[in-house]
Amino acid sequence: MLKIENLKVFHGPIEAVHGISLTVGKGKCVSLLGPNGAGKTSTISAICGVASCTGTIRLENVDLSTKHIEARVRSGISVSPEGRRVFSNLSVEENLILGGAIRSDLPEVKKDVGKWFDTFPILGERSRQPAGTLSGGEQQMLAIARALMSKPKILLLDEPSLGLAPMIVGQIFAMIKTLKAEGMTILLVEQNAHQALQLSDYAYLLNNGQVHAEGTAEILGNSDSLMAELTGIT
Amino acid sequence: MTLSRSQKRGLVGATLLAFVLIAVGIAASWFGSRYQLRFVYGVYVNLLVVLGLQVFMGNARMTNLSHSAFMGIGAYVAAICVTPVAMKSISLPDAPWGLDSFELHPIISAIIAVVITGVLAFLLGLLIVRMTATGATITSLAILVIVHSIFLFRTDIFKGNQAFFGIPQVFSLTSIVVLSVIVVIGARIFRESRWGIQLRATADDEIGAAAMGVNVFHVRLIAWVLSGVLLAVAGIAYAFYLGTISARPFYFNHVFLTLAMLILGGMRTVTGAVLGTFLISFGLEVVRWLETGPTLIGISLPEVLGLSGITLGAVIVLTMGFRPLGIMGDREIEDFILKK
Amino acid sequence: MEYAAQQTMNALAFGAEYALLALGLAIVFSIMGLVNFAHGEVIAVGGYTMVAFAALITANPLIIIFGAVGACIIASLALERVAFRPVRYADATTGLLTAFGVSMILQNLFLLLVSPRPIAVTSLYFLDWPMEIFGIRVSSLQVFESVSTVVVIMALMMFLRRTKLGLAMRAASLDFEMVRLMGIKANRVFAMAFMISGLLAGLACIFIMARRGSVDPHLGFNPVLKAFVACVVGGFGSLPGAVLGGFLLGAVEVGMLVLLPQEYGGMKDAFVFGIIGLVLVWRPDGILSPAQEKGDKL
């Protein structure tokens, strides 16, 4: 589904990612793991079109590199970004409606919003509240739901567990597990390696802008040295 | 006192600029007609304004639009203090608070003007330095408008749009050249001083600088007040040469003109301030000459009123679009002759 | 009693005009952080269009009105496309200075290409006749102005709340990049903002022209200044703040006119600004200012 080759990401003159390659198969959940500053979010930014980069990014064999941010979203990319970035002054419902902005079938969009309210009653309860008044976990749920409103081909999740209490993290990961079970293709960026590996089919370990290791979740999870690297403890 | 490397380079640069200023001044006084002398004097006044602007705007990187107001305050206070009583009775017949009953020596008047402007700058600065860049700019614009309307409407003190005349003309081209040399050196010293460097750090990354122990509000305030003082000096120099002032020059057109000078030259450096001032001042004279529809190599050119305004606007728009850092960018004059 | 009612009407009408002008500025600022000093010149474009229409096309006032508003919208969109697109993502200072420069260029172009002298615009005099409401004599123009401003504000509110693009614009003022990440085209959001700004300018232009009866190159300066002050007082970037600021400014102005004794009449502006200054000391960011974060967005 998503194929990245020799990706180099730049922040101004600084090269943050030094030519990595990764693949996300259709219906699979792939994790991008690694300590702080490894280049994970830079990679996501590059896929979205926010950061400048070189290399190839192909979604279902369509080359994305010439497309602007908006065009990439229309091609099927959707992101729940780092820090969630819900529109704080807009209501929960308005956030979700905006998520479906690229769709032209407004009644269907409204139906989907209703479906999310059914799946997550808490969002339904707070549907008219400004999104900024929601708790961290609720905002994360909203961000993921919003990202899915556009019916994307692939969902990019950037650090969904960041800053959340362990119990809430569990709820979020349960949500992701359900999505995966429904066949969603997911690229998951996480510092929380344990939980991420439990969900994933495949994982890449990023460090200092390069792929240090890759493999199925089982192999990575069972390697002590790799786990040490993942958790940043040497 | 040991100087850091950048401070030594700063002294070299300041000296170079001083030479340029003196050379231009000498050339003008030897070869210039009376009109041209007046013109060059005006260029140096604007140079003082632009330098004052550079000290704050260039180092803190917050756009300031109130500078002409401070210049006006300095000019008016000095003018009121120094003008002989006889003159004041004609030009300010209704002056309140006994303002028409005294006259002071030019130097004392200047000092009073600088002090009053400085205090005002300090008070206003307390507000400004806490704001975001946009908020500060907007507030500075409000200051400009408020000060201008006070000038216009307290005609008993300021005479509004009418000429406040009778100011003893104690300045000459020599005085202002000397003054600008001093200010250029001062601006450069500030830029390379502890405060200047800290201030520039806050411009790049406010939170990072604060995390490193820079007292952001403190350094901004210092620069703002220093800027106000320099602007007052410019106003005083203006008043003491021209002999008459009015409210009109201290408003939008002047703000715009001096802003264009700083932007074109490059606001981050003192050299940029000097370069921009000279370029636009002389360039604008050429454009103004073209405006009148002169005869060029036998061809009579049409009158093009408004060309100077368009040129000025175009300079700003094009510079902002293509080279926002101005011609000099981050470079000072000594970068051309000293190895990095 | 009648005097009080008349002055209230006065304050309402002035306030409405300032609110219109301020909204035009605030819409653009809330989305792209640009203080559009060229807004006044958009109004002047409308004025000159009226002259052109009256002289060359028709004397039918309705067509002239539509032409003027249309011209303002087109001018505003053209400004976005040509002048402000290159500095779209630049910092606020760059945008502000560019707007300043554009304003200068336009003012001088009017001077150069049309005339430095004011040109009469008589087509709109019909809008201004004395009328009676509840036995109080007011000017019809004031009524039109107040009513249409309220209508426009309500329409704007509905647009921002009920339509997708309106939602997108509100979101854009919070996190523009995220809006693009929803697949909404940046160009479309900006164009809409400038179109609305142009429409508001056009409306204000009608009323300004009806009152003044003439257009000159520097026409835009005063309105944009008033708009600016209203925005500052209300909180720059906040749309409700712009409306509040506009009406407050109108009220203070008329209040000064009423309260100041005859001799001090000329000082009205100074007092108005003095009061504005006091408001700023109390609330330096404006009364309803949107919260400003200085830190990095994570």
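List of remarks:
- Just so you know, in region A:181-196 the residues that are open to solvent by 10 Å² or more (accessible area, probe 1.4 Å) and modelled with pLDDT under 85 include one that is farthest from A:Ala147 (Cα to Cα), and it is A:His194.
- Residues in region B:192-211 that are in a loop (DSSP other than H, G, I, E, B) and within 14 Å of chain C (Cβ to nearest Cβ): B:Asp205 only.
- Qualifying residue in region C:43-62 (condition: more than 22 Å from the chain's Cα centre (by Cα) and within 11 Å of chain B (Cβ to nearest Cβ)): no
- Residue list for region C:170-185, filter: of a type in the set (Gly, Ala, Ser) and more than 7 Å from every other protein chain (Cβ to nearest Cβ): C:Ala172, C:Ser173
- B:Val274 being closer than 25 Å to B:Thr311 by Cβ, in a helix (DSSP H, G or I), open to solvent by less than 10 Å² (accessible area, probe 1.4 Å) and within 14 Å of chain C (Cβ to nearest Cβ): no
- Some residue of region B:277-284 being more than 13 Å from chain C (Cβ to nearest Cβ), part of a loop (DSSP other than H, G, I, E, B) and either within 25 Å of C:Val82 (Cβ to Cβ) or modelled with pLDDT under 85 (or both): no
- Strands (runs of 3 or more DSSP E) completely within region A:13-110 that count 2 or more residues being touching a residue at least 60 places away in the same chain (Cβ under 8 Å), touching a strand residue (DSSP E or B) at 6+ places or on another chain (Cβ under 8 Å) and more than 10 Å from chain C (Cβ to nearest Cβ): A:14-24, A:29-33
- Checked across region C:189-212, the condition of being at pLDDT below 90, open to solvent by 20 Å² or more (accessible area, probe 1.4 Å) and more than 14 Å from chain A (Cβ to nearest Cβ) holds for at least one residue.
Residues checked against (1) within 11 Å of another protein chain (Cβ to nearest Cβ); (2) open to solvent by 20 Å² or more (accessible area, probe 1.4 Å):
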{"residue": "B:Arg130", "(1), (2)": "yes, yes"}
{"residue": "B:Gly135", "(1), (2)": "yes, no"}
{"residue": "B:Val147", "(1), (2)": "yes, yes"}
{"residue": "B:Phe151", "(1), (2)": "yes, no"}
{"residue": "B:Gly160", "(1), (2)": "yes, no"}
{"residue": "B:Val170", "(1), (2)": "no, yes"}
{"residue": "B:Ile182", "(1), (2)": "no, yes"}
{"residue": "B:Phe190", "(1), (2)": "no, no"}
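- Of the residues screened, C:Gly101 is one that is in contact with a Gly (Cβ under 8 Å, 6 or more places away or on another chain), open to solvent by less than 20 Å² (accessible area, probe 1.4 Å) and free of Cβ contacts under 8 Å to residues at least 40 places away in the same chain.
- Some residue of region B:255-263 being assigned to a loop (DSSP other than H, G, I, E, B) and more than 21 Å from B:Arg200 (Cβ to Cβ): no
- Apart from one condition, B:Glu303 fits all of (1) of a type outside the set (Ser, Thr, Tyr); (2) over 17 Å from the mean Cα position of the chain (by Cα); (3) crowded, with 17+ Cβ neighbours inside 10 Å; the exception is (3).
- When every residue of region C:116-133 is checked against the conditions, none turns out to be free of Cβ contacts under 8 Å to residues at least 40 places away in the same chain, surrounded by fewer than 16 Cβ atoms within 10 Å (Cβ to Cβ), at negative phi and within 14 Å of chain B (Cβ to nearest Cβ).
- Residue pairs whose Cβ atoms lie under 8 Å apart, sitting 6 or more positions apart in sequence or on different chains, and linking a residue in region C:272-298 that is open to solvent by 100 Å² or more (accessible area, probe 1.4 Å) to a partner that is of a type in the set (Val, Ile, Thr) and at pLDDT 70 or above, are C:Gln292/B:Thr132; C:Asp296/B:Ile207.
- In the set B:Val214, B:Val233, B:Val229, B:Val177, only one residue is assigned to a loop (DSSP other than H, G, I, E, B) and of a type in the set (Val, Ile, Thr); that residue is B:Val214.
- For the residues B:Ser89, B:Ser68, B:Ser4, B:Ser29, the requirement of being among the polar types (S, T, N, Q) and within 20 Å of B:Arg331 (Cα to Cα) singles out B:Ser4.
- Selection from region C:44-99 of residues that are closer than 18 Å to C:Phe126 by Cα and not in a helix (DSSP H, G or I): C:Thr58, C:Ala59, C:Asn60
- Residue check, A:Pro130 open to solvent by 20 Å² or more (accessible area, probe 1.4 Å), closer than 18 Å to C:Arg161 by Cβ and more than 9 Å from chain C (Cβ to nearest Cβ): yes
- Which listed residue is surrounded by fewer than 24 Cβ atoms within 10 Å (Cβ to Cβ) and either in contact with a helix residue (DSSP H, G or I) (Cβ under 9 Å, 6 or more places away or on another chain) or under 25 Å from C:Met154 (Cβ atoms) (or both), from C:Gly40, C:Gly67: C:Gly67
- The residues of region B:322-337 that are within 14 Å of chain C (Cβ to nearest Cβ) and either at positive phi or surrounded by fewer than 17 Cβ atoms within 10 Å (Cβ to Cβ) (or both), listed by number, are B:Phe322, B:Arg323, B:Leu325, B:Gly326.
- In region C:78-105, the residues that are among the aliphatic types (A, V, I, L, M) and more than 8 Å from chain B (Cβ to nearest Cβ): C:Ala78, C:Leu79, C:Val82, C:Ala99
- Identity of the residue in region B:285-297, on the phi < 0 side of the Ramachandran plot and part of a loop (DSSP other than H, G, I, E, B), that ends up least open to solvent (accessible area, probe 1.4 Å): B:Pro294
- Test: B:Asp94 is within 14 Å of another protein chain (Cβ to nearest Cβ), touching a helix residue (DSSP H, G or I) at 6+ places or on another chain (Cβ under 6 Å), of a type in the set (D, E, K, R) and surrounded by fewer than 21 Cβ atoms within 10 Å (Cβ to Cβ): yes
The values are calculated or read from the model by the stated rules, or taken from the named source; none is laboratory data. All values reported here derive from a predicted model rather than from experimental measurement. Every residue, glycine among them, receives a Cβ derived from its backbone with ideal geometry; neighbour counts consider all protein chains shown. Areas reflect the complete protein model, heavy atoms only, side chains present, ligands, DNA and RNA absent. Shrake-Rupley method; radii C 1.70, N 1.55, O 1.52, S 1.80 Å.
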